[in-house]
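Written below as structure tokens is the structure these notes are about.
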Amino acid sequence: MRPLMWFRADLRTRDNTALVAACAAASKGVVAVFTICPEQWREHDWGDPRVGFLRRNLLELSKALEGRNIALKIIERDTFDGVETDLLDLAKEHHCTALFFNEEYEVNERARDARVAAAFARAGLSVRSFHDQCVVPPGELRTQEDKPYTVYSPFKRKWYAYYNDGNAPKAQSLAKKQPEMVSTPDGIPDQFGNYDPQAGRPDLWKAGEDHARARLGSFIEDRLAQYKEDRDFPAINGTSTLSPYLAIGAISPRQCIEAALDANHGKLDTGGKGPVHWMSEVIWREFYRQILLAFPRVCRHQAFNPKYDIKWRTDKKAKDEFAAWCEGKTGYPIVDAAMRQLNQTGWMHNRVRMAVAMFLTKDLLIDWRWGERYFMEQLVDADLANNNGGWQWSAATGTDAAPYFRIFNPISQSRKFDPDGAYIRRFVEELESVEGDSIHEPWKHESLFQDTRYPKPIIDHAEARERALEAFKVES
Ligand SMILES: Cc1cc2nc3c(=O)[nH]c(=O)nc-3n(C[C@H](O)[C@H](O)[C@H](O)COP(=O)(O)OP(=O)(O)OC[C@H]3O[C@@H](n4cnc5c(N)ncnc54)[C@H](O)[C@@H]3O)c2cc1C
């Protein structure tokens with residue numbers, strides 16, 4: 001038996017469910033493959049930061065696989081169309097008898113996998129797929145009425161029960177080393193389509209599973225205990241910053257949960273506030289993945305709850321305001337700092353992801369899909385399930401979403417979560433020298449700072465709030 005292991009969003013050799021199974025089943029070695037589909041990725045709004053990061057992780061994966069005597073082959077195809085033929089050709093060329101992969105849950109990926117499975121079946125080769133992206137497989141937890149969960153808290157309770165009952169798989173060790181290489185590794189191309197290979201701030205986001213594990217280790221050691229207190233303050237390095245690694249699978253959620261459990265005497269839902277809260281965030285990720293599987297419309301740019309998918313503004317003024325939002329030039333310091341953090345680093349703190357998404361959808365009444373796409377294009381951690389979940393939460397169209405009348409005030413958010421303005425000053429250089437509370441409403445204190453480059457607010461929040469309440473009331 002010689003498996004062909006197809007890597008996708010699982011770029012690691014440790015605790016990789018399909019890889020561990022392939023290596024255990026193999027009697028004549030293992031061949032690995034990754035499919036590069038740049039046009040498809042553009043269609044999915046993947047931007048340069050995510051793809052640059054992906055490419056660097058593939059380089060690391062190829063090296064790690066070589067250490068297990070497994071060659072990583074590369075297939076390049078503009079889109080998913082025809083991937084089944086390429087994979088089958090590769091399998092035949094290397095005398096592989098089975099294809100192994102971990103499930104993906106997005107609509108196009110699932111359709112592709114069905115085509116691949118059919119092609120392999122026609123050729124008499126077997127296909128084995130595994131749940132790996134979540135601790136609890138998406139679709140496994142159902143309500144008493146046998147429906148998918150659409151509210152987070154009961155989902156989390158059920159998740160706890162499932163895990164505590166010992167039903168969830170544990171992290172697995174390193175995949176078994178193969179006796180010898182049965183092919184030679186392909187080089188990783190210097191560029192994927194027209195994606196910029198340098199993008200994604202390699203200085204901030206070091207690639208590879210070893211680095212991901214080290215990042216997890218230092219978070220657990222230094223910041224986990226304080227997570228609950230620190231997690232809402234974007235000026236503090238209080239969260240794990242593991243999202244890019246989880247998005248491409250350089251680390252697994254099982255590894256994350258087990259590391260937190262170790263630090264919490266094995267307790268999932270009691271004990272230290274930091275570990276318990278952090279694990280509950282990892283469970284949000286699992287919640288949104290099961291939503292994606294159960295309600296594929298969210299993959300198709302459709303609202304989960306169409307009732308609140310109001311008539312968004314699309315005129316020239318809205319487009320100009322959208323451009324200002326993207327550039328971090330709305331005149332609201334906390335919004336601008338966050339958007340500049342995104343543009344400069346490929347990542348944004350969760351608290352301000354919510355603030356900027358609320359600002360776009362409520363203050364500016366701009367379609368959440370515009371924001372969702374911009375985030376996908378700019379984020380190193382771009383992830384359809386989490387991003388769509390976050391955007392629809394903010395727009396009031398999502399599962400368990402913020403109700404439409406809960407509109408964040410960007411000034412109060414700023415005062416509450418960046419009280420001394422340290423985060424704003426870090427990213428909005430025009431306001432660097434503004435002192436004290438003026439940082440939150442610089443337009444009120446023009447005499448305090450001479451720099452006129454910083455814009456006046458593009459909209460008055462109080463008026464915008466009334467407009468939003470009216471729009472949602474009329475439409476809903
Ligand atoms: C509008 C909006 C867009 C978002 N887009 C993305 C995205 O494209 N990719 C992405 O991974 N996350 C996204 N999130 C969720 C969240 O902001 C990030 O996962 C988090 O900020 C990543 O930082 P961290 O790794 O330090 O998180 P930590 O606080 O350390 O949390 C650990 C892990 O739990 C998961 N997690 C944390 N918060 C959430 C959440 N609210 N929803 C789902 N999973 C969560 C992530 O995988 C994260 O890495 C979005 C949130 C909003 C409001």
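The values are calculated or read from the model by the stated rules, or taken from the named source; none is laboratory data. Bear in mind the structure is a predicted one, so any value in this text is a computation, not a measurement. Positions of Cβ are backbone-derived with ideal geometry, glycine not excepted, and every protein chain shown enters the neighbour counts. Surface accessibility is based on the protein's heavy atoms, side chains included, excluding ligands, DNA and RNA. Shrake-Rupley method; radii C 1.70, N 1.55, O 1.52, S 1.80 Å.
Restrict the search to region 161-265; then list the GluC sites (Glu not before Pro) that DSSP places in a loop and that have at most 16 other Cβ atoms within 10 Å of their Cβ. Don't skip to the end; give the middle numbers.
Values: sites: GLU180, GLU209, GLU221, GLU229, GLU258; in loops: GLU180.
Hits after loop and neighbour filter: GLU180.
With +1 on each Lys and Arg Cβ and -1 on each Asp and Glu Cβ, how big is the dipole of region 129-208 about its Cα centre, in debye rounded to the nearest 20? All intermediate terms of the calculation are to be shown ahead of the outcome.
Values: 10 positive and 10 negative charges, 96 e Å.
The dipole of region 129-208 has a size of about 460 debye.
Of interest is the spacing of the C-alpha centroids, which for region 229-243 and region 119-137 amounts to 36 Å. Between helix 333-345 and the chain, what is the angle of the helix's C-alpha long axis to the longest principal axis, kept within 0 to 90° and rounded to the nearest 10? Approximately 30 degrees, to the nearest 10.
Phi angles of region 388-405 translate, via the Karplus equation with coefficients 6.51, -1.76, 1.60 and θ = phi - 60°, into HN-Hα couplings of 4, x, x, 5, 6, 4, 5, 7, 6, 9, x, 6, 6, 7, 5, x, 4, 7 Hz per residue; Gly and Pro are given as x.
Within the accessible area of the chain, the carbon and sulfur atoms contribute 48%, probe 1.4 Å, all protein chains present. Seen from ILE251, the other residues with C-beta closer than 14 Å to its C-beta sum to a net charge of -2, counting Lys and Arg as +1 and Asp and Glu as -1. DSSP bridge analysis restricted to the chain gives an antiparallel fraction near 10%, rounded to the nearest 5.
Which of the three applies to region 105-256, rounded, prolate or oblate, going by the alpha-carbon gyration tensor with a ≥ b ≥ c and a/c under 1.5 meaning rounded? The shape class here is oblate.
Please work out whether region 1-152 counts as rounded, prolate or oblate from its C-alpha gyration tensor, where a ≥ b ≥ c are the square roots of the eigenvalues and a/c under 1.5 means rounded, while otherwise a/b larger than b/c means prolate and anything else oblate? Don't skip to the answer; put the middle values down first.
On the way: a/c = 1.43, a/b = 1.26, b/c = 1.14.
Rounded.
Cα centroid separation, region 251-324 to region 153-169: 18 Å. Given a 1.4 Å probe and the protein chains as shown, ARG77 ends up with an accessible area of around 80 Å².
Summing Lys, Arg as +1 and Asp, Glu as -1, what charge do residues with Cβ under 14 Å from the Cβ of GLU180 carry, GLU180 excluded?
Details: positive: ARG2, LYS28, ARG68, LYS176, LYS177; negative: GLU66.
After counting each charged neighbour, the total is +4.
Potential lengthening of the chain between HIS95 and ASP437 amounts to 116.3 nm, from the contour at 0.36 nm per residue minus the alpha-carbon distance.
What is the Cα centroid distance between region 33-47 and region 328-358, reported in whole angstrom? The distance from the Cα centre of region 33-47 to that of region 328-358 comes to 26 Å. When the surface is traced with a 1.4 Å probe over the full set of protein chains, ASP89 keeps roughly 80 Å² accessible. Between 0 and 90 degrees, the angle of helix 107-122 with respect to the longest Cα principal axis of the chain falls at about 10 degrees.
Each of TRP347, TRP278 has its accessible area taken with a 1.4 Å probe; listed largest first, they run TRP347, TRP278. At the residue level, SER126 shows approximately 60 square angstrom of accessible surface with a 1.4 angstrom probe and all protein chains present. Per residue, the solvent-accessible area of the chain (1.4 Å probe, heavy atoms of protein chains only, all protein chains present) comes to 41 Å². Axis of helix 209-222 versus longest Cα principal axis of the chain: the two differ by about 50°, to the nearest ten degrees.
Taking all protein chains together, TYR105, TYR308 sort by accessible area into TYR308, TYR105, largest first [probe 1.4 Å].
Each of PHE304, PHE375 has its accessible area taken with a 1.4 Å probe; listed largest first, they run PHE304, PHE375. Here region 3-132 is assigned +1 on the Cβ of each Lys and Arg and -1 on the Cβ of each Asp and Glu. Its dipole about the Cα centre then comes out at about 520 debye.
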